[in-house]
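Read through the structure below, which is laid out as structure tokens, and then see the notes.
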Amino acid sequence: MRSTICLLAAVLPLAAQVSYDRLRQADSEPANWLTYSGNYSAQRYSGLNQITAANVQHLRPVWVYQMQTTERIETSPVVADGIMYVSEPGGSVTALDTVTGRPLWKYARTIAKGARGCCGEVNRGVAILNDMVYVGTFDSHLVALDIKSGIVRWDSEVADPKLGYSITAAPLALKDKIVIGIAGGEYGVRGLIDAYDAKTGQRAWRFWTVPAAGEPGSETWAGDSAKTGAAPTWVTGAYDPEQNIVYWGTGNPGPDWNGDARVGDNLYSDCLVALDGDTGKLKWHFQFTPHDTHDWDSTEIPVLADAVVRGEKHKAVLFGNRNAFYYVLDRTSGKFLAGRAFAKQSWAKGLDDSGRPIMLPNSTPTTEGAKIYPDLSGGTNWFSPSYSPRTNLFYVPARDVGGVYLKGNAEYKQGAQFNGGGQSPIVGENPTGAIRALTPDTGELKWEFKLYSDAGAGILSTAGNLVFAGTNEGDFFALDAAAGRSLWHFQTGATINANPVSYQSGGKQQVAIASGNSIFVFALED
Amino acid sequence: MRLICMIFSFALAATAQLVPFDPEYVIPKNNPNTTPADLKNGQQLFMGQCARCHGPKGEGGRGAVLAQPRLRHAPDDEALFHVIQDGIKGTEMPAGYAVDTLETWQIAAYVRSLGRVPPETVPGDAKRGQELYRSKGHCNQCHIISGQGGSIGPELTEIASRRSAAHLRAAVLDPESTLPEGFLEVRLVTKDGGRITGVRLNEDTFTIQVLDLNGGLHSFVKEDLKELQRDTGKSPMPSFRGTLSAAEVDDLVAYLYSLRGNQ
């Protein structure tokens, strides 16, 4: 018996115990990838440097994990102490040994009947804290799993899926709480960001992204339009432990493409909100697209880094927005510091001194259809940008695609789509895109690597001076982080709609990306 | 080599914006919205979203002919509902844009009404056209019909179920006016000076796949090419204007318009 136990211990990696201190100091242990974006600053940067420009051509797949699903895979794995935790569509989770790719356990989620969402049962990842793994489910629950077995410790309903709420985002674990956002922007839900007690699943706080009548911000909604105001929160935010501030992006106001009934700026839709980590109280907000009628959710990743603007150093938040503009905000005050377009756009003359867009005429949907750049999927989208402290560059997956925006009727019916129009492609226009490297302080373009079609996957930068990204056509590739030169590419055989991560396994740096229904893991050949 | 490529269909999948309907909605077998008012609204929606490819009376064009009693991808109303809502994967047919359940049924009602329109009559003798296809036209060098012919051009076995007679005539006389979405003629120069002209089969950021005009398949890493020229709007298929008489064009079009497969 004893020998069996010893054998198991030798073969299987030890299950992780990931304390809050470890999460907070994730940069000091680059062998792991402990949060959705790699660290609380959401930089999606790996401090590992085994793989470099000099040897990246020897990068080879070492194992592949295939999910039994036809749903789109948008997951970004979390890795702790040799074990990879992967979420699957709907909110299932699998733990994999990073040496062999073999599953250690699996939590299979059965989605409650009546769950609905605009864009498939996708799930983007998990959070880990101490001895638990946390995942949001498509039927709007937050579930805590035992980290060694995948057995449910608690399961809390966040919101009613029949109203159109779903969860696709990875949770964010901080201190003793699990923060989670919801999707449902196409169903006229009332958006929210919640925090739950990590041990019990009891709700600790809730921030409504659409204010109730009489609350500050309610004056930005005409009539009772706030009741169906949406502003969902479907991508994981960032956290500044020093200031104890959670930064989280909010989505489109509802209905998406017809703003007639919701005259006003429609707070807090299309915002970055800064919330107190203990109470969820709003510290400040910055709205990127007031009174949006394009479905330009601001649910992109807020990246925390220092920026020097007009000679002054700021603790900043860097934000590549779906509306095609890049923003630098002071992350203590929310003050706009700098911004400029990073992708093709035709809707705004620019940003004023406060960061508010200066709208151009003919840039809103019409019943006949209005040609506007960018299209509804935006200049970028949920897939992650990356910031490298080594190169001091902000890397953004960019889309240069326009659309014909149609305004239609919008009648709210509980649980049904509430869009008020739509958007069709521009006939004869091939979608294009690029990986763009921006100077973080100003958004000035440093270099770009053109893609065959529009960007649809996230970016990882590494201390090996590399940038990894993927394409719609299935290429996973590496660029020189300083100059954007192509160094390596691998055809995975299916569209990549996910974010890369990097960590160490058995002493070797690995890079992982989801493609098709699979996780591909690469390392240097021996 | 003489190239007689009719209508290339190496189109890349069109981008579609999916607008799902209420998932609790149970799709009935038969269209529940077929009143004259539904038909009228369906026609209006059809004109806005469908007519550009299918023609205002479903006579076809770049899109399939809908003015026929039986639709291959939509044998019943439920299937037609799905085609309008979701598009047809692997084809140029996208999902309907922001059409809700009622609007989908109204479009479906209008599409079904087109099936009662008698098929287009075309001048010309299909039998003579069949002969011209092989003899003077040499069309079989590049196109396959019922398993016979060359494979450089697209298969034509069921071409009349997807293209109108007017579209086929335009393809014969002015092939470059009827290029499908995503079609691209390319000219390549390899590092060792080799020159290839052909049709792009596929492409990504790093590679390109080409069918050359002699029927050879190639796949290149772009870095290995000295030149990559994109002849947007060009087709290797020559015009038959001047090669065939007006009566012969009528005959050839009549033959092509008779190709409806096994339906």
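The values are calculated or read from the model by the stated rules, or taken from the named source; none is laboratory data. Quick caveat: nothing in here was measured; it's all calculated off a predicted structure. Here the Cβ positions follow ideal geometry from the backbone for every residue, glycine too, while neighbour counts run over all protein chains shown. Surface accessibility is based on the protein's heavy atoms, side chains included, excluding ligands, DNA and RNA. Shrake-Rupley method; radii C 1.70, N 1.55, O 1.52, S 1.80 Å.
Of the residues making up the stretch A:390-430, those that are more than 10 Å from every other protein chain (Cβ to nearest Cβ) and either in contact with an Asp or Glu (Cβ under 7 Å, 6 or more places away or on another chain) or among the acidic types (D, E) (or both) are A:R399, A:D400, A:G402, A:F418. Candidates A:R24, A:R2, A:R60: the one that is open to solvent by 40 Å² or more (accessible area, probe 1.4 Å), modelled with pLDDT of 95 or more and farther than 25 Å from A:A457 by Cα is A:R24.
Summed over the stretch A:369-393, residues that are open to solvent by 50 Å² or more (accessible area, probe 1.4 Å) and more than 27 Å from the chain's Cα centre (by Cα) total 1.
Among the residues making up the stretch A:330-368, a single one is surrounded by fewer than 17 Cβ atoms within 10 Å (Cβ to Cβ), under 25 Å from the mean Cα position of the chain (by Cα) and free of Cβ contacts under 8 Å to residues at least 40 places away in the same chain: A:K335. Every residue in the stretch A:102-125 that is away from every other protein chain (no Cβ under 14 Å), crowded, with 19+ Cβ neighbours inside 10 Å and in a loop (DSSP other than H, G, I, E, B), please. The answer is A:R109, A:N123, A:R124, A:G125. Residue count for the stretch A:419-437, restricted to those that are in contact with a Pro (Cβ under 9 Å, 6 or more places away or on another chain) and either β-branched (V, I, T) or more than 24 Å from A:C119 (Cα to Cα) (or both): 2. Among the candidates B:N41, B:N33, the residue that is under 26 Å from A:G188 (Cβ atoms), assigned to a loop (DSSP other than H, G, I, E, B), at pLDDT 75 or above and touching a helix residue (DSSP H, G or I) at 6+ places or on another chain (Cβ under 9 Å) is uniquely B:N33. Taking the stretch A:138-175 as the region of interest, how many residues are of a type in the set (S, T, Y), closer than 24 Å to A:V501 by Cα and under 16 Å from the mean Cα position of the chain (by Cα)? The number of residues fulfilling the criteria is 1.
Do the conditions hold for B:Q148, that is, is it farther than 30 Å from A:Q491 by Cβ, open to solvent by 20 Å² or more (accessible area, probe 1.4 Å), touching a strand residue (DSSP E or B) at 6+ places or on another chain (Cβ under 9 Å) and polar (S, T, N, Q)? Against the criterion (farther than 30 Å from A:Q491 by Cβ, open to solvent by 20 Å² or more (accessible area, probe 1.4 Å), touching a strand residue (DSSP E or B) at 6+ places or on another chain (Cβ under 9 Å) and polar (S, T, N, Q)), B:Q148 does not qualify.
A:W296 - would you say it is assigned to a loop (DSSP other than H, G, I, E, B) and open to solvent by less than 20 Å² (accessible area, probe 1.4 Å)?
yes
Where helices (runs of 4 or more DSSP H) fall wholly inside the stretch B:45-123, the ranges with 1 or more residues that are free of Cβ contacts under 8 Å to residues at least 40 places away in the same chain are B:51-54, B:77-86. The condition (being in contact with a Phe, Trp or Tyr (Cβ under 6 Å, 6 or more places away or on another chain) and of a type in the set (D, E, K, R)) is satisfied by just one residue among B:D212, B:D204: B:D204.
State whether one or more residues within the stretch B:71-83 are modelled with pLDDT under 85 and either within 27 Å of A:G117 (Cα to Cα) or surrounded by fewer than 20 Cβ atoms within 10 Å (Cβ to Cβ) (or both). Yes, the stretch B:71-83 contains a residue that is modelled with pLDDT under 85 and either within 27 Å of A:G117 (Cα to Cα) or surrounded by fewer than 20 Cβ atoms within 10 Å (Cβ to Cβ) (or both).
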